[in-house]
Amino acid sequence: MNTALTHLTALGRAELTLLARNKTNLFTVLFVPVLLTVALKPMMTMTGQADAGKEAGAVLISMSLGIVLVMAVYNTLTPVYATRRDELLLKRLRTGEVSDAVILLGAAVPMALTGLLQCLLLALGISFVADVPPPQDPHLAVLGVLLGIVVMTVMAAATSAMARTAESAQVAIIPGMIIFLMGSGMLFPLEALPHPVQAVCTWLPLTPAIELIQTGWNGESTRGEAVLNLMIASTWSALSVLAVKRWFRWEPRS
């Protein structure tokens, strides 16, 4: 256990150094979520979400945190996996005593920790600037963020398996980004969609995390809804883990 933790720490530190040197990824992780939050805030007025009292604050915060999960974790981590594969780094690591899980987690540590810290800072910043009350059920909001990071991490690993090269990974993430941003309820309320579409969106991978963040802030969640969201997120995580075990590629395609 100590050996695995040592390996994970070393890999995470190395990936954090590489992240700091990659100006594009650093900009995507640190600044894009903030810029998108500012740019998309008028959409709340257009969709009527800005007139919902305290719910408006929960929607704005869940939108901002959801953007962090997509852009700072999924959007950044997918090309990282593909790049490390093309550089033969993953293949070399597998020849040693580092387990597959530690290798994959080591690459994800910087993005996960950076995303978690940014979620905290954005939530505090929005609460201060927009005078949003503190969360009514903070444990649900925290659970939503943690579940979102887990889901986006395993989805990134699964998506990277579909990319032939590191460059094509930038294209492979586009469908997932559209689904996560448009179908999770962070940009507009799911209630505004036709019922069949709403029913489908409820079961999408990131929707449970966004629902938990929103209801954690406005305190309108029941235990049954929280359990259902937890089950949906856990199911997607398990399916993604199985997909990674089955299709993840550890060396470049010939």
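The values are calculated or read from the model by the stated rules, or taken from the named source; none is laboratory data. Only a predicted model underlies this, so the values are computations on that prediction, with no experimental measurement involved. A quick note on method: Cβ atoms are made from the backbone with ideal geometry, for glycine too, and the neighbour counts reach across all protein chains shown.
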The residue that is farthest from the chain's Cα centre (by Cα), considering only those in segment 10-31 that are surrounded by fewer than 13 Cβ atoms within 10 Å (Cβ to Cβ) and among the hydroxyl-bearing types (Ser, Thr, Tyr), is Thr17
State whether one or more residues within segment 211-230 are within 29 Å of Ile126 (Cβ to Cβ), assigned to a helix (DSSP H, G or I), of a type in the set (Asp, Glu) and at pLDDT 90 or above.
yes
The lone exception for Cys119 - which of (1) surrounded by fewer than 19 Cβ atoms within 10 Å (Cβ to Cβ); (2) under 16 Å from Ile67 (Cβ atoms); (3) not β-branched (Val, Ile, Thr) it fails
(1)
Identify the residue in segment 73-115 that is of a type in the set (S, T, N, Q) and touching a residue at least 12 places away in the same chain (Cβ under 8 Å) and, among all such residues, is farthest from Pro252 (Cα to Cα).
Thr114
Total residues in segment 178-215, condition over 24 Å from Ala156 (Cα atoms), β-branched (Val, Ile, Thr) and buried (at least 16 other Cβ atoms within 10 Å of the Cβ):
1
Evaluate the following for Ala56: is it surrounded by 13 or more Cβ atoms within 10 Å (Cβ to Cβ), modelled with pLDDT under 85, farther than 19 Å from Ile174 by Cβ and not β-branched (Val, Ile, Thr)?
yes
Take segment 128-161 and flag every residue that is free of Cβ contacts under 8 Å to residues at least 60 places away in the same chain and closer than 18 Å to Ala107 by Cα.
Leu146
